Amino acid sequence: MIDEKLSGPLLMNAGAKYDHERQREAIAHWIMMHEHAFSIVEEEGFLFMMKCSNISYEKISRKTLKNDCIAVYEAERKKLKSTLRKVNKICLTTDLWKSKNQKIEYMVLTGHFIDADWVLQKRILSFVHVPPPRRGVDIVDAIFKCLKDWGIENKIFSVLVDNALYNDRCLKELKVLILRHQKLVLHGKLFHVRCCAHILNLLVQDGIGKIAKIVENVRESVKFINQSEARLQTFSQIVQQLKLSVQRSLPRFQDREPSYTTLPDDDDWEKVEKVSKLLEVFNVVTNIIFGSEYTIANLYLAEVFRIKLVLDQAINDESDFMKEMAKAMKEKFDKYWSQYEARKNIENVRIALDDMYKEYVDLPSEHSEE
């Protein structure tokens, strides 16, 4: 039996040790969430802050913090690996991500799957540094190595990628590799999925490209005003005294600042306003399609059709500028979603659904033969 005189201090020490470990784990999570440097835990200000919140806080070194971060990663990895063992099919997406601190691009591989409670889950599986020029074979090797590490090379349903040429070659090679480990649904017809949001982004870039010079002038105007406290004060006085909008205040500001040379004219502002209204629809649609907390299969076509209606309306705009821009965007839109392609794809979807159902019905008989 523990001596009553000692039990109190022992329990207090155990609690303090537990709190210290939890605090170190929390710091490790914080470091990784916000990409802080490990050296931040050795700074005087950090130590002062921690001591204020917890007088018993014990200073740790950057080396200890690094080990803590690795321990958190390994623990989370173990839990996710256990979860993935129970998953039947996994859909993958790849994207490029740039670290703010390192200025290095990574290929992010994300897994999407339905858990045992029929809830859509999303998990980042890997950050892979694939330096340019990115060859298809390098990307395939990186992806397949990741799948092997997680033990899911025989569970892949589809892979969603940007509409880049090297991705076409990459997916062909990846499909061959995966077919050696599993039978793909419909013999792999649904394996390669092109990212709708990426295609919409290409249309948006076409639209912004038409007003690139105007946008540059607006940015330079803001930059010019903010470069000096005196300029900012002058501009603020114009806005407040004359009660004008920012757009209407800039010509008055130019009267007082002759060195200001990037003033957009009235025609430029009109173009920016029209393009902004058009691109706002793209922004709304992209946010809906990019939703990661829900499935978008039932929303996708309706949102793409909304884009079509907006472009058709813009083509009939009274402004020649808008007509030309919308026409160029519509041509690219039709490359992927023309009416002919739509009718053709509707039939393809119907056939694919029939084939998937037949394949699903055959599954029990295949298992019974084993």
Looking at segment 38-74 only, could you name the residues that are of a type in the set (Gly, Ala, Ser) and either farther than 30 Å from Lys148 by Cβ or exposed (fewer than 11 other Cβ atoms within 10 Å of the Cβ) (or both)?
Ser39, Gly45, Ser53, Ser56, Ser61
With respect to Asp268, determine if the residue is in contact (Cβ under 8 Å) with a residue 60 or more places away in the chain, part of a helix (DSSP H, G or I), open to solvent by less than 70 Å² (accessible area, probe 1.4 Å) and of a type in the set (D, E, K, R).
no
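Picking from Asp317, Asp354, which residue would you name as being open to solvent by less than 80 Å² (accessible area, probe 1.4 Å) and either outside any helix (DSSP H, G or I) or not acidic (Asp, Glu) (or both)? Spell out the reasoning first.
Values: Asp354 fails: either outside any helix (DSSP H, G or I) or not acidic (Asp, Glu) (or both).
Exactly one residue qualifies, and that residue is Asp317.
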Within segment 185-203, tally of residues that are farther than 29 Å from Ile288 by Cβ and crowded, with 16+ Cβ neighbours inside 10 Å
0
For segment 175-189, pairs from a residue that is touching a residue at least 12 places away in the same chain (Cβ under 8 Å) to a residue that is open to solvent by 20 Å² or more (accessible area, probe 1.4 Å), with Cβ under 6 Å and 6 or more apart or across chains, are Leu177/Phe144; His181/Glu153; His181/Asn154; Gln182/Asn154; Leu186/Asp355; Gly188/Lys175
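Restricting the search to segment 137-176, which residues are among the hydrophobic types (A, V, I, L, M, F, W, C) and open to solvent by 40 Å² or more (accessible area, probe 1.4 Å)?
The initial filter retains those residues of segment 137-176 that are among the hydrophobic types (A, V, I, L, M, F, W, C), namely 137, 139-140, 142-144, 146-147, 150, 152, 156-157, 159-161, 164-165, 170-171, 174, 176.
Selection gives Val137, Phe157, Leu160, Leu165, Val176.
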Ala302 being surrounded by 15 or more Cβ atoms within 10 Å (Cβ to Cβ) and either at pLDDT 80 or above or in a helix (DSSP H, G or I) (or both):
no
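Search segment 97-118 for residues being under 15 Å from Val159 (Cβ atoms) and of a type in the set (A, V, I, L, M), and hand back the single one that is modelled with the highest pLDDT. Lay out the reasoning, then the answer.
Here is the first cut: in segment 97-118, the residues under 15 Å from Val159 (Cβ atoms) are 107-113.
Applying the additional criterion that residues be of a type in the set (A, V, I, L, M) yields 107-109.
On the way: Met107: 83, Val108: 88, Leu109: 91.
Among residues in segment 97-118 that are under 15 Å from Val159 (Cβ atoms) and of a type in the set (A, V, I, L, M), the one modelled with the highest pLDDT is Leu109.
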Among the residues of segment 127-136, write down those that are at pLDDT 75 or above and either closer than 15 Å to Val161 by Cβ or in contact with a Gly (Cβ under 6 Å, 6 or more places away or on another chain) (or both).
Val128
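The values are calculated or read from the model by the stated rules, or taken from the named source; none is laboratory data. For clarity, every value in this text was computed on a predicted model and none was experimentally measured. Ideal geometry is used to build each Cβ from the backbone, glycine not excepted, and the neighbour counts take in all protein chains shown. The accessibility values were calculated without ligands, DNA or RNA, using every heavy atom of the protein model including side chains. Shrake-Rupley method; radii C 1.70, N 1.55, O 1.52, S 1.80 Å.
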